[in-house]
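The structure under discussion appears below in the form of structure tokens.
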Amino acid sequence: MRAAITSISHYVPPDILDNQFFESNLDTSDQWIRSRTGIVERRIARTGGTSDLIIPAAQQCLNKRGIAASEVDCILVATVTPDYVFPSTASLVQAGIAARNAWGFDLSAACCGFIVALIVATRFVESGAAQRVLVCGADKMTSIANYQDRTSAVLFGDGAGVALVEQSDDESVGIIDHLAHMDGRHAKELYMPAGGSVRPASLETVNNRQHYLVQDGSTVFKAASKDIVDITQELLERNGMSTDDIRWFVPHQANRRIIDAVGERLGLDSERVMCNIQRYGNTSSATIPLCLSEWMEKGALHRGDNVVLSSFGAGFTSASLYMRWAIAPDLPAEETEDSLIYAEAAD
Ligand code: UT7
């Protein structure tokens, strides 16, 4: 039995933070940010939490598929910016969309979160442990970006992407293989120093601004550029594929220069590499589903396309997933025979 993404949607908050905002508040420039990161603007959620980004995307994802929230049996939320330390953001999403028959949990794998959650969902669906899993990659990165630090504040934005994973009716499409690696020796090269059990929130941690993301930017840059290439090549090799076989490569969107360097080292022309970092910045676990959903909306992703997702993030972690795309763009899912049956059942 093969699992497949059968619907995908995204949501970004309407408010835009452009580079001029940072020019006015920090020792930086639009020119520096564009040339060193590729970012022109990013979105900011002025109120609410990560669940408020997920809920509209999840509702739209289910509408596109034509199924009711009560038919979802599991919700996975990949995030490093949960609404609260507990309960899980998954439980808030469950209540928000009224998925009364779903259980679920949050998963912390930073920028690899969406791929790692897809791997978990795939295993649940393949084993029959779940039928319909909502995989949510979402982060409100502006809540942990240090607006006094020009080396990281300019990079991040807010957003959510939600995919529905179900059993594929056709073995020729769906999620085929995946890989994930971790090297915890680098844990403190990209992390948030306080707010966890080592340094619970105190006057001191607040005064020392330790509740924000801290990173060694150039170490992260070098490791990301190398590890994304390595894990992608490993995945391709074990599937007897070369980069020529990839229709769409979907890298994590952290820096335009990382995306370009990875594409070049893999020998991929830029037309096959999804990139929207200029509009959203780094939304952590949302970057990959944001790309997939946008490319789907513009009709550029077709059923049967070979799609490879690859990411790198805090941990350090890297993850890659190979699938043959299962959704047909020209035939909205809600009009297919299958989903009409689901819609009737939900009524
Ligand atoms: O999802 C994973 C999350 N993190 C990342 O992906 C981060 C990956 N790293 C990066 O994207 C890049 O390393 C940065 C964008 C963070 C930095 O770019 P860089 O080209 O590697 O710059 P750098 O760290 O080598 O710094 C060069 C100079 C420094 O000034 P000095 O010391 O040479 O005077 C920085 O202070 O650029 C300075 N700089 C800036 N200048 C203007 C760093 N940030 C800025 C800025 N505006 N926003």
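Points to keep in mind about this one:
- Computed over the stretch 3-167, Kirkwood Rh from alpha-carbon pairs, angstrom: 16.4
- Per residue, the chain exposes 42 Å² of solvent-accessible protein surface, assessed with a 1.4 angstrom probe and all protein chains in place.
- Fraction in percent of alpha-carbon pairs per bin - 5 Å, the stretch 174-346: 1, 8, 15, 17, 16, 13, 10, 8, 6, 5, 2, 0
- Burial ranking of peptide ranges 305-312, 167-174 (average Cβ count within 10 Å, highest at the top): 305-312, 167-174
- About its Cα centre, the chain has a charge dipole of approximately 1040 debye under the convention of +1 per Lys or Arg Cβ and -1 per Asp or Glu Cβ, with nothing else charged.
- Peptides 96-107, 249-260, 14-25 ranked from most to least packed give 249-260, 96-107, 14-25, packing being the mean of other C-beta atoms within 10 angstrom over each peptide's residues.
- Within-11-Å neighbourhood charge of residue 194 [Cβ basis; K, R +1; D, E -1]: +1
- Carbon/sulfur fraction of accessible area - the chain, other protein chains in place, 1.4 Å, %: 50
- Of the residues 160, 57, 300, the one that moves most in a GNM of the chain with alpha-carbon contacts below 10 Å is 300.
- Over the stretch 119-193, the hull volume per residue, using the convex hull of the C-alpha atoms, is 148 Å³.
- Across the stretch 69-201, counting alpha-carbon atoms alone, Rg and Dmax equal 16.6, 51 Å.
- Rounded accessible area of residue 30 (nearest 10 Å², 1.4 Å probe): 30
- In the stretch 90-163, Cα pairs under 8 Å separated by at least six residues give a relative contact order of 22 percent.
- Counting only protein chain heavy atoms and rolling a 1.4 Å probe, the accessible areas of 274, 182, 192, 241 rank, largest first, as 182, 192, 241, 274.
- Kyte-Doolittle mean at least -1.0 and Cα axial length at least 18 Å: DSSP H helices in the chain: 50-65, 113-127, 217-238
- Diffusion coefficient of the chain by Stokes-Einstein, Kirkwood radius over Cα pairs, 4 °C, 1.567 mPa s: 64 µm²/s.
- Take every pair of alpha-carbon atoms less than 8 Å apart whose residues are at least six positions apart; their mean separation over the length of the chain yields a relative contact order of 26 percent.
The values are calculated or read from the model by the stated rules, or taken from the named source; none is laboratory data. Because the structure is predicted, anything quoted here is derived from the model rather than measured. Every residue, glycine among them, receives a Cβ derived from its backbone with ideal geometry; neighbour counts consider all protein chains shown. Only protein heavy atoms, including side chains, enter the accessible area calculation; ligands, DNA and RNA are left aside. Shrake-Rupley method; radii C 1.70, N 1.55, O 1.52, S 1.80 Å.
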